[in-house]
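Report on one structure; see the data block that follows.
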Amino acid sequence: MSGSGNTQESGELLDRLYTMASLGQYTWSQRLTIRTAGLLLFWMIRAIGLTLRFEVIGRENFKEGQPVIFCFWHNRIPVATYFWRGRGIVVMSSRSFDSEYIARFIQRFKYGAARGSSTRGARAALIQMIRAVRAGKSAAFTVDGPRGPIYQAKPGPILLASKSGAPIVPFSISLDRWWKLPSWDGLQIPQPFARALVVIGAPIRIGNRDGESDLTLNVLQSALEKVRERSDHEVALRTKRL
């Protein structure tokens, strides 16, 4: 009975992650804004994404079908969302007006959104992610989000890795041309027909242990910096040659 009960709970959790949340707590105008913004973002990135030319370095560092914890920087969200679409990757989303239309945008690309409760916030969302990874789903973190400081890693993925046993896979995507938004991280929106270089780093295995490790966080920070520096540098070089 306990095995079937766990299977049922896992199934119900996965259903929630990939189902758009109720908007009952918002006003009519807020609900309209959330739905409209989510759709506009989806169609814009989908239309631009169809024109992008991707090149991948380090594809051997992860295998399709095996759960991993992807880590990358917040300002690469739009192009990363398109590149990794359709894989059922689970990401963390807070319960807020701004986060809701982002959650709907990524869910249209077949991502799962782990939402915190109004009282437990990120802790509740992290528990959902642990269960999802144990059930065979990959997860992803924008490790300097949601509000920075830019390019400074936070320990959430380390805790998820230690509780789930899945390796952390750092990656970076650099564009040869993009629009920069006036946000804290200078969010990059790819321009049509841009070239996108994806650099996937070697997996980092944490092992099963409780708590955080400054050493491991330093390792993660260093790995993220290396893949970003490589992808940015390679794109800059190739742009100069054109």
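Just so you know, all these numbers are worked out from the coordinates, no wet-lab data involved. Treat the numbers as computed from the prediction; the structure is a model and nothing was measured. Methodologically, a virtual Cβ is constructed for each residue, glycine included, from the backbone with ideal geometry; neighbour enumeration extends over all protein chains shown.
Against the empirical 2.2 N^0.38 Å scaling, what ratio does the C-alpha Rg of the stretch 127-218 come to? Mind dumping the intermediate values first?
Details: Rg = 15.4 Å, N = 92, 2.2 N^0.38 = 12.3 Å.
With N residues counted in the stretch 127-218, Rg over 2.2 N^0.38 Å equals 1.26.
Can you give the Rg to Rh ratio for the stretch 66-214, taking only C-alpha atoms and Rh from Kirkwood?
My calculation puts Rg/Rh at 0.95.
For the stretch 82-93, what does the Karplus curve 6.51 cos²θ - 1.76 cosθ + 1.60, with θ = phi - 60°, yield as ³J(HN,Hα) per residue in whole Hz, taken in order and with x for Gly and Pro?
Ordered by residue, 3J(HN,Hα) equals 5, 4, 8, 4, x, 9, x, 5, 9, 10, 8, 9 Hz.
Quick one: Karplus J couplings for the stretch 140-150, per residue in order, coefficients 6.51, -1.76, 1.60, θ = phi - 60°, nearest Hz, x for Gly and Pro?
Karplus values, whole Hz, x for Gly and Pro: 8, 10, 8, 6, 10, x, x, 10, x, x, 4.
Using only helices, what value at 222 nm comes out for the chain when you add -39,500 (n - 2.57) per DSSP H run of length 4 or more and divide by the total residues, to the nearest 500 deg cm²/dmol?
After summing the helix terms and dividing by the residues of the chain, the value is -14500 deg cm²/dmol.
Any of Lys63/Lys110; Lys154/Lys240; Lys110/Lys154; Lys137/Lys226; Lys110/Lys240 with alpha carbons more than 29 Å apart? Name them for me.
On the way: Lys63/Lys110 19 Å; Lys154/Lys240 34 Å; Lys110/Lys154 25 Å; Lys137/Lys226 26 Å; Lys110/Lys240 36 Å.
Violating the 29 Å limit, Cα to Cα: Lys154/Lys240; Lys110/Lys240.
Describe numerically, in nm with one decimal, the distance between label points set 7 Å from Cα along Cα→Cβ at Thr239 and at Ala47.
Result: 2.4 nm between the two label points.
Which value, in debye to the nearest 20, describes the size of the charge dipole of the chain about its Cα centre when Lys and Arg Cβ atoms bear +1, Asp and Glu Cβ atoms bear -1, and nothing else is charged?
Working: 34 positive and 18 negative charges, 99 e Å.
Roughly 480 debye for the chain.
Rounded if a/c is under 1.5, else prolate if a/b beats b/c, else oblate: with a ≥ b ≥ c from the C-alpha gyration tensor eigenvalues square-rooted, which is the stretch 38-110?
Details: a/c = 2.02, a/b = 1.31, b/c = 1.53.
Oblate, because a/c is 1.5 or more while a/b does not exceed b/c.
Check Phe70: other-chain or 5+ apart residues with amide H under 5 Å from its amide H, H built from backbone geometry?
Ala139, Ala140, Phe141, Val169
Quick one: length gained pulling Lys226 to Leu39 fully straight, 0.36 nm per residue minus the C-alpha distance? Show your work: numbers first, answer last.
On the way: separation 187, 0.36 × 187 = 67.32 nm, distance 3.44 nm.
This chain segment gains 63.9 nm when fully extended.
Please work out the FRET efficiency for the pair Arg31 and Lys180, using the Cβ-Cβ distance as r and a Förster radius of 35 Å; give the result to the nearest 0.05.
Details: r = 30 Å, r/R0 = 0.86.
E(calc), rounded to 0.05, equals 0.70.
Which order do the peptides 28-39, 55-66 take when ranked by the mean count of other beta-carbon atoms within 10 Å per residue, highest first? Each step should come with its number before you reach the end.
Values: 28-39: 14.2, 55-66: 12.6.
Order by mean packing, descending: 28-39, 55-66.
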